[in-house]
Structures are given as structure tokens and as C-alpha cells.
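What follows is one structure encoded as C-alpha cells, with my remarks underneath.
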Amino acid sequence: MTIAMTGDVNGDGKISSADYIMVKNHIMDVSKLSQIELEFADANKDGKVNSADYVAIKNHIMEVSKIIQ
């Protein structure tokens, strides 16, 4: 069983570069996230998915700062 967490956009149970790329592609209009993916992509929980979420996911992966669940 996978437990959903903020930042885990693809729902695979971990926050990884795949999630980072999904958010980047959404922001750049390459591909759009589904409603559920948007909820988990909103890493800073401000109600929108933008570059701040992209940076938060990157920082989590690089262990600069963690996304608070």
C-alpha cells in the first residue's frame, strides 16, 4: 500500500526527480497534471502549483529542506 504525501506527484510513495519533472512540465505547459496530481504537487500548500512548489520539491530531493507533511 502506498501512502500519499505532499510532493509525491506520481503517487509512487517517494518524492523523486520524476515528481520534479512532472511539476516542471505542468508549469511550462508541456503536460498538465490531473486534479489529484495538482493536490500533491502543491508542496507549499498555497492552493496553486507554480515555481515555488518546483523549488520545494527540488530542495526536498537535494536534502536542502524537507517538505512538511
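The set of residues from segment 39-69 being in contact with a helix residue (DSSP H, G or I) (Cβ under 7 Å, 6 or more places away or on another chain) and of a type in the set (Lys, Arg) comprises Lys58, Lys66. Filtered by the rule that a residue be of a type outside the set (D, E, K, R) and farther than 17 Å from Val55 by Cβ, segment 1-17 gives Met1, Thr2, Ile3, Ala4, Met5, Asn10, Gly11, Gly13.
Matching residues to (1) without any contact (Cβ under 8 Å) to a residue 12 or more places away in the chain; (2) of a type outside the set (A, V, I, L, M, F, W, C):
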| site | (1), (2) |
| --- | --- |
| Ala4 | no, no |
| Asn10 | no, yes |
| Gly13 | yes, yes |
| Met22 | no, no |
| Met28 | yes, no |
| Gln35 | yes, yes |
| Asp42 | no, yes |
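For segment 3-16, the set of residues classified as on the phi < 0 side of the Ramachandran plot and open to solvent by less than 70 Å² (accessible area, probe 1.4 Å) consists of Ala4, Met5, Thr6, Asp8, Val9, Asn10, Asp12, Ile15, Ser16, listed by residue number. Note on segment 17-36: residues that are open to solvent by 50 Å² or more (accessible area, probe 1.4 Å), of a type outside the set (Ser, Thr, Tyr) and over 17 Å from Ala4 (Cβ atoms) amount to 7.
Scanning segment 37-53 for residues that are among the hydrophobic types (A, V, I, L, M, F, W, C) and either part of a loop (DSSP other than H, G, I, E, B) or surrounded by 14 or more Cβ atoms within 10 Å (Cβ to Cβ) (or both) returns Leu38, Phe40, Ala41, Ala43, Val49.
Assessment of segment 58-68 against the conditions (assigned to a loop (DSSP other than H, G, I, E, B), on the phi < 0 side of the Ramachandran plot and not aliphatic (A, V, I, L, M)) yields at least one matching residue. For segment 12-36, a residue qualifies if it is over 19 Å from Lys66 (Cα atoms) and part of a helix (DSSP H, G or I), and the qualifying residues are Asn25, His26, Ile27, Gln35, Ile36.
The values are calculated or read from the model by the stated rules, or taken from the named source; none is laboratory data. This structure is a prediction, so every number in the text was calculated from the model and none was measured. Because the Cβ atoms are built from the backbone with ideal geometry, glycine has one as well, and the counts that use them run over all protein chains shown. The accessibility values were calculated without ligands, DNA or RNA, using every heavy atom of the protein model including side chains. Shrake-Rupley method; radii C 1.70, N 1.55, O 1.52, S 1.80 Å.
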